[in-house]
Amino acid sequence: MRTATTTSVVPALSAAARHAAHPDAGSPANPPHPCHACGHDETVLADRSDGVVVRHGAAVAKAHAPGTDPAAHRARLCVAAHPLLAGILLPPLTAATQHLAGRPVTAWPYGTPVDPDRPDDAPWEAAATLLARLHAVTPAVLAPLSVPPMRGPLKAAQALSRMRAAGRHPAAADVERAWAGLPAWARDEAPAPAGGSLCHGDLHLGQLVRHPVADGPWLLIDVDDLGLGDAAWDLARPAAWYAAGLLSPGEWLRFLGAYRAAGGPAVPPDGDPWPRLDAAARALTVQTAALAVAKSAEQGRELDEVEETMIETCARIATLPTELAAGPSS
């Protein structure tokens, strides 16, 4: 659902996207529709409070979340533009940042996203390999950049806050019990004990695009949560889905196997990965469930089947003294 906050930036963001696609064409007060340079109009790809994205031809412009930390944001853009990250992260068209209604605005090449209607073609191996390569980048080689902390635990804590603010809900108690069982670092109350790896911070299949379009290599996008932290966090969402039964054993093994084959440091090269993934996978389960409860309460609707599964998983893991079960319960 659009809100006045997000929708109000779309016209100006559309102009920014057009300028990014055609930087030599100037910025006319009344640009022609469709565009004389390429024949395209602008397309709104996302319109949320935490990010508005508009495409024009070969470029997209993004208005980031209000309240984005300026210094951390600049550092993340510089990481994405760094030559050592070439072939891993999609680089911005420029590391410079504009501002629109108090929100930072960036410009990026357009890439072909994962097709949600072709789940059998999901690029699990590519995602895992990119993560392994990202995690292998030694932060010291990025000097003098000061890389900020990865924002994954902060986003989990924000999900709990949103759930609590949404009002009473019968499923909230299970989410709260699972949250209480997490270590302090996973609740963003202490530094991560295994901090130091360069992490994406919000890995899911929507964070991959092919560039150049349409059959270029897969690259990671969206550096809003990128930073230093526990590399296990980047594997945690697929791990949580697998533990909940939402990701098949075959897909999970493809992902985990590709990560290990690429030398990823988040888990041991063989043996049981769950001692390393347990806390982060629990945290992503709770985050997903909390957002589901919040949306259910905000929209006055029942939980759907997938959301119910995540709530049930919260209830289950809240009873486990240590690791998540190594996969879906039989």
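The values are calculated or read from the model by the stated rules, or taken from the named source; none is laboratory data. Just so you know, these numbers come straight off a predicted model, no measurement behind them. So basically every Cβ, Gly included, is an ideal-geometry build from the backbone, and we count neighbours across all protein chains shown. Side chains are part of the model used for accessible areas, which takes the heavy atoms of the whole protein and leaves out ligands, DNA and RNA. Shrake-Rupley method; radii C 1.70, N 1.55, O 1.52, S 1.80 Å.
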Any chance you could look up the accessible area of residue 77 with a 1.4 Å probe, heavy atoms only, rounded to 10 Å²? 0
Ignoring ligands and nucleic acids, residue 242 exposes an accessible area, probe 1.4 Å, in Å² to the nearest 10, of 30
Taking Cα pairs closer than 8 Å and at least 6 residues apart, the relative contact order of the chain in percent is 17
Classified through the alpha carbon gyration tensor (a ≥ b ≥ c as square roots of its eigenvalues; rounded if a/c is under 1.5, else prolate when a/b is larger than b/c, else oblate), region 33-176 comes out rounded
Arrange the residues 230, 41, 117 by how much accessible surface each exposes, largest first, with a 1.4 angstrom probe. 117, 41, 230
Amide H of residue 45 versus every other amide H placed in the peptide plane: which residues, excluding those fewer than 5 positions away on the same chain, fall under 5 Å? 53, 54, 55
So, with points 7 Å from each Cα along the Cβ direction, the residue 45-residue 96 label distance in nm works out to 2.2
Estimated vicinal HN-Hα couplings, Hz - region 8-15 in sequence order (Karplus 6.51, -1.76, 1.60; Gly, Pro = x): 5, 8, 4, x, 5, 5, 4, 5
Quick tally, 1.4 Å probe accessible area for 44, 267, sorted with the most first, runs 44, 267
Accessible area, 1.4 Å probe, largest first: how do 13, 100, 45 sort? 45, 100, 13
Tell me the mean residue ellipticity at 222 nm calculated for the chain from its helices only (DSSP H runs of n ≥ 4, each -39500 (n - 2.57), averaged over every residue, nearest 500). -12000 deg cm²/dmol
Let's see if you can work this out: charge +1 on each Lys and Arg Cβ, -1 on each Asp and Glu Cβ, no other charges. What is the dipole magnitude of the chain about its Cα centre, in debye to the nearest 20? 760
Expected field for residue 40, accessible surface area in Å² at 1.4 Å probe radius, rounded to 10, holds 90
With 0.36 nm assigned to each residue of separation and the Cα-Cα distance removed, residue 184 to residue 304 gains 40.2 nm
How large is ³J(HN,Hα) for each residue in region 159-170, as worked out from phi by the Karplus curve 6.51 cos²θ - 1.76 cosθ + 1.60 (θ = phi - 60°), to whole Hz, x for Gly and Pro? 5, 5, 5, 5, 4, 5, 6, 6, x, 5, 8, x
In the chain, carbon and sulfur make up what percent of the accessible area (probe 1.4 Å)? 56
Which of 275, 83, 23 ends up with the largest GNM mean-square fluctuation for the chain, with Cα atoms connected below 10 Å? 23
Between (i) 29.6, 104; (ii) 20.2, 63; (iii) 26.2, 101, which matches Rg and Dmax of the Cα atoms in Å calculated for the structure shown? (ii)
